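K.L.:
Can you read through this structure? Questions will come right after.
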Amino acid sequence: MKEKIVQLAQELIRYPSISPNDEGCQKLITERLEKLEFEIEWLPFNETLNLWAKHGVGEPVIAFAGHTDVVPVGDEHQWNYPPFSAEIVDDMIYGRGAADMKGSLAAMIVAAEEYVKANPNHAGTIALLITSDEEAAAKDGTVRVVETLMERGEKITYCMVGEPSSSQTLGDVVKNGRRGSITGNLYIQGVQGHVAYPHLAENPIHKAMPFLQELTTYQWDNGNAFFPPTSLQIANIHAGTGSNNVIPGELYVQFNLRYCTEVTDDIIKQKVTQMLEKHGLKHSIEWNLSGKPFLTKPGKLVNALVDSIQGITGITPKLETGGGTSDGRFIALMGAEVVEFGPLNATIHKVNECVSVEDLGKCGQIYHQMLVNLLDK
Ligand SMILES: [Zn+2]
């Protein structure tokens, strides 16, 4: 299995598929899946190419999710090997996307192929949800596929996102959830005037200070067994005309919350509005919700994966919910159990990104064993 994975990973890395370009990766994948009688459906939206491929019928529907796009290479001269050459040196494959996530994408595909070859009449459905824009705007990728599937009433029971989750050694970390992320763009209005005539003006900075104090010290929750407490950070604050004799007319404050499952975006919005009203601030606010939090509690999927990792690596993974957001946030909206597991993330988005050949082989075995655990037992 390892040789097949490595060969496919190299082929994929050689396509320079910087978001949202797919450059032929998904065509290569579908040609392989068609041979095994996967049902192929293309779901392109604007520049983004998406693939929904299925084998089998009925539930459970086990979906492997991943992306073919990569981030830009940065300064090409800093790379020891050309970033789209997929050279193997000392058992490491070098190239943009090697770890994030063409390596694990190859491992998921080969694992699904091997399972289907050995069990052509398997129970349930094995699916692949692949997009060419996860790294950039991600507006026409997985989120649109999920909307389409939900409109049709299609289900995903269990989803494995192949993002590189491992930290020090393969198998040490599984992500079983992610925090939510919401941004507030707040404008507090005052009345502009001359600093020498403050009684004719209203300084929005002065007026906002007690509110900002409360906003930044408020304890949203205490977190829970799976999440750290919700945190709020001010990312930008701006007022003033540049002149030292003008009281500004408006104060702009941008803040972001990384929030856990103890609160919701509605609770956050209500509480901030309440604070603004309490302090009597004239204001307008625009909210931008990038992702709701999700959590997959230990159950059938988590157990199938943990058991498989233990069997193949001898390691018991830690369940974590930290880090940024991922496409898992969209798939969780379908009511699916979602986990993320893949190779080491130490070099992702850096120059000389690389992945271990040995680890990719084991990833494939782990994904394969997870299918066995979910479908055969
Ligand atoms: Zn990724």
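Here, each number is a calculation from the coordinates, and none is a lab measurement. Just so you know, these numbers come straight off a predicted model, no measurement behind them. Note that each Cβ is placed from the backbone with ideal geometry, even for glycine, and that neighbours are counted across all protein chains shown.
K.L.:
Extending each Cα 7 Å along its Cβ direction at Thr264 and Trp287, get the distance between those two points in nm, one decimal.
P.N.:
Placing both labels 7 Å beyond Cα along the Cβ direction yields 1.0 nm.
K.L.:
Related question: How large is the Kirkwood hydrodynamic radius of the chain, in angstrom, based on all distinct alpha carbon pairs? Mind showing how you got there, number by number?
P.N.:
On the way: mean 1/r = 0.0444 Å⁻¹.
Taking every pair of different Cα atoms in the chain, averaging 1/r and inverting gives 22.5 Å.
K.L.:
May I ask you to evaluate 6.51 cos²θ - 1.76 cosθ + 1.60, the Karplus curve with θ = phi - 60°, for each residue of the range 16-33 and list the ³J(HN,Hα) values in order in whole Hz, giving x for glycine and proline?
P.N.:
Residue by residue, the range 16-33 yields x, 8, 6, 3, x, 7, 9, 6, x, 4, 6, 5, 4, 5, 5, 4, 5, 5 Hz.
K.L.:
To continue, here is another question. Have a look at Leu212, Leu128, Leu344 and tell me which one the Gaussian network model of the chain (Cα, springs below 10 Å) gives the largest fluctuation.
P.N.:
With Cα springs under 10 Å in the chain, the top fluctuation among Leu212, Leu128, Leu344 is at Leu212.
K.L.:
Another one. How much of the DSSP bridge set in the chain is antiparallel, in percent, rounded to the nearest 5?
P.N.:
70 percent
K.L.:
Starting at the first residue of the range 313-326, write each ³J(HN,Hα) from the Karplus equation 6.51 cos²θ - 1.76 cosθ + 1.60 with θ = phi - 60°, in whole Hz, x for Gly and Pro.
P.N.:
Along the range 313-326, the couplings run 10, x, 9, 9, x, 7, 8, 10, 10, x, x, x, 8, 9 Hz.
K.L.:
Here's another thing I want to ask about it. Got a sec to turn the phi values of the range 98-103 into Karplus ³J(HN,Hα) couplings, 6.51 cos²θ - 1.76 cosθ + 1.60 with θ = phi - 60°, whole Hz, x for Gly and Pro?
P.N.:
4, 9, 10, 9, 6, x
K.L.:
Points 7 angstrom from Cα along the Cβ direction at His194 and Met209: gap in nanometres?
P.N.:
2.4 nm
K.L.:
Given the -39500 (n - 2.57) contribution per DSSP H run of 4+ residues, what per-residue ellipticity at 222 nm results for the chain, rounded to the nearest 500 deg cm²/dmol?
P.N.:
-9500 deg cm²/dmol
K.L.:
How far is helix 2-13 tilted off the main Cα axis of the chain, in degrees rounded to 10, range 0 to 90?
P.N.:
So the inclination is approximately 50 degrees.
K.L.:
I'd like to compare 155-163, 326-334, 186-194: which one has the highest average count of other Cβ atoms within 10 Å, and what's the full order after that? All intermediate terms of the calculation are to be shown ahead of the outcome.
P.N.:
Values: 155-163: 24.0, 326-334: 22.2, 186-194: 17.1.
Put in order of decreasing packing, that is 155-163, 326-334, 186-194.
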